[in-house]
Every structure is written in structure tokens, then in C-alpha cells.
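Taking it in order: structure first as C-alpha cells, then the write-up.
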Amino acid sequence: MPELPEVEVTRLSFASRISNSTVLSVQIGKPLRWPLGCLPAHLVGANVSSVRRRGKYLLLDLDRGLLLVHLGMSGSLSFTQAGGSGSAMGAHDHFELRTTAGTLRLNDPRRFGAVVFAPADDAPIVGKLLSHLGMEPLSDDFDVHAFYAGLKRRKASIKQVLLAGDVVVGVGNIYASEALFHAGIRPTVRANRLSLPRASKLHAAVKMVLARAVERGGSTLRDFSSTDGQTGHFQLEAMVYGRTGEPCRVCGTAVKNIRQGQRSTFFCAKCQKM
DNA sequence: AAAAGCCCCTGGATGC
DNA sequence: TGCATCCAGGGGCTTT
């Protein structure tokens, strides 16, 4: 599901609403990818000051620590303003944070997502989950020369290096194919074979595609929506993702679909020659 | 150190 | 209608 744009759209949809609230109660459903890391009751009374994002993680700043939320493949959050009646936890609701401002709830059928509490920003669990992450593509630290240097160190295919997240974060399966299309780069090229000009074109394409996707509210393939229920629309303007056999929007050649590391990759063999 | 494969889990689409 | 198979926005862990 959620790549950087969806996570960012989710963040924007509730960050200001939950800020400066106090946790009233916490409910847990079935186990997620990792255990919460504290008793649910430990979060009660905590003040939520802000919501940040690092890669595909949402970071809720609490006065007593940090709550990391990852949406995995099928997760989505909802936020219901305080004062409503409040519904019971559904079969796929696995975490709920009821605060003075409203209720944040994680729905995640596949349960690849996670909610993890860390007592401090430098807690071991934070390091374990975040320390290996690469540059933030929409921030100033996404330097083109650092990007090029990162690619130089890797012999794997450029598509898989983008997905791996240790050079640049947030680019998942949809946006990797899309960015490579916009840069005119074949997904199978080894990362270290890209010249500086081509790496630089990809650098720009990654930024452009992700920023555009945020503007469009992300991509809703099946069930993504932000915390206020809004679905995304970027999938409607995808150039190659999910378009196997359909004509390339630029040259008309049928879009190809190949497998790379057990994931689908889409590209136009004519627009992305090498 | 880096790459490749496996696995976690549920549900929708497709084919017989 | 039922059942088997494949596929899906991620990513950590184990094995090469």
C-alpha cells in the first residue's frame, strides 16, 4: 500500500488535529508485525505534541517517548474527531489511540504494519528501525551527488536499489516504476552503471513523482484513504504502473511487466531503452 | 558488504 | 458454487 506519498498524505490529514491532545485510552487488536513495546496502559495520560514522518514511518511525538507507526502493505489510519459516538473495533482494526482530540485507529488486514513505542528518540528500537534509512527525497538533504555516490556503490538493478530504501527512502513499488519511466531509465540497469547526468535525471524524477503524488492525495489501488476517508488519485495518471499491455502514454508501445525480486516492475521498452 | 530468496498475513481476482 | 492458484502500496532476516 502505502509508499511515501500515502504516508505523508495520511500524516497531513491528522497531524494538526491530534497535536496537543492527551491519550485517554488504548486498545489493541490482533498482533501486528512487532509488539507494541509497552503495556497499552503506559500510554494513557501521554501528551501528543506533533506527528513527523521518516521514510514510510509516522512518528508521533509523546512527552514520554515516541510512537512509531508503519502501515505495511495494507494499513490505513482513520481519525475520528472527539465528540462522535465511536464505533467498536472491526475485525481488521488492530490499534486504537483515543485522545482528547479524537480517535486514531489503524486498520490493517494483512498485519504487516506495526505500532511500536520507544521511550526516547535514541532508544535501541528506534535505531534498529530507522538508522539504516537513506535520504528523505522531499527534503533538502536529498543531494544529487550523494544520490549518485550511493548508486555507485551498488551493483543491483536500479529498481531494486530504489526499493531497498538505504540510498533514498519512501520509493515503493508504484513510484519506483513511475520515476524510472520519467527518467527514461530501464529498471534492470545496474545502479552503478548510471552516469551522473542520468542519476541526476532520476533524482529529479523521484522528487517530481513523489511530490506530484502527494498533491494528488496518493494512489488508491484498493483501499488506501487518509485519516478523513479521502482516497488518492495519482493512480489515474500513472504512466506505466499497472498498465501491462496498454499503450505507453508517450509512444504507444505496449507497457511491459517483468519480475524483479518477487515484485512486479512496469516499463516502456522504447522510452526506457537503457 | 551486498545480493538474492523467504517469509510474515488476508483477501480479491481469475481459472477450472 | 466451490476450490486452487496467483497476486498485492513492505521490509526484516537468513542464506549465499
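Since every read-out is calculated from the coordinates, none of them should be taken as a lab result. A quick note: this is a predicted structure, and the numbers were derived from the prediction, not measured. Cβ: placed from backbone, ideal geometry, glycine included. Neighbour counts: every protein chain shown.
How would you classify region A:135-274 from its alpha-carbon gyration tensor, with a ≥ b ≥ c the square roots of the eigenvalues: rounded for a/c under 1.5, else prolate if a/b is greater than b/c, otherwise oblate? Oblate.
The distance from the alpha carbon centre of region A:6-28 to that of region A:85-144 is 10 Å, rounded to a whole number. When each of A:246, A:3 is scored by the number of other beta-carbon atoms lying within 10 Å, the sequence from fewest to most is A:246, A:3. Classify region A:4-130: rounded, prolate or oblate, from the alpha-carbon gyration tensor (a ≥ b ≥ c, eigenvalue square roots; a/c under 1.5 rounded; otherwise prolate if a/b is larger than b/c)? Verdict is rounded for region A:4-130. Annotated for chain A: lysine pairs at least 8 residues apart or interchain, Cα distance under 21 Å, count 17. Using just its DSSP H runs of length 4 or more, each adding -39500 (n - 2.57), chain A gives a mean residue ellipticity at 222 nm of -7500 deg cm²/dmol after division by all residues. Legend: calculated FRET efficiency, residue A:34 to residue A:215, from the Cβ-Cβ distance at R0 = 41 Å, rounded to 0.05, equals 0.80. Expected output is a single nm value to one decimal: the length gained when fully extending between residue A:41 and residue A:228, i.e. 0.36 nm times separation in residues minus the C-alpha distance. What is it? That works out to 64.7 nm of additional length.
The relative contact order of region A:102-217, computed from alpha carbon pairs under 8 Å that lie at least 6 residues apart in sequence, is 25 percent. Extension gain for residue A:22 to residue A:237 (0.36 nm times residue separation, less C-alpha to C-alpha distance): 73.4 nm. Normalised by the number of residues in chain A, the average gap of Cα pairs under 8 Å and 6 or more apart makes the relative contact order 19 percent. Expressed as a fraction of 2.2 N^0.38 Å, the value expected for a compact globular protein of N residues, the C-alpha radius of gyration of region A:1-46 is 1.42.
Long hydrophobic helices in chain A, taken as whole DSSP H segments with a C-alpha length of 27 Å or more on their own axis and mean Kyte-Doolittle hydropathy at least -0.5: A:196-215. Of the residues A:258, A:185, A:28, the one with the fewest other Cβ atoms within 10 Å heads the list, and the complete ranking is A:258, A:28, A:185. Amide H contacts of residue A:95: A:29, A:106, each under 5 Å away and 5 or more positions distant or on a separate chain (H built 1.01 Å from N in the peptide plane; Pro and chain starts excluded).
Expressed as a whole percent, how much of the Cα-Cα distance distribution for chain A exceeds 23 Å? Summing the P(r) tail past 23 Å for chain A gives 54 percent. The Cα atoms of region A:164-207 give a gyration tensor whose axes a ≥ b ≥ c have a/c under 1.5, which makes the shape rounded.
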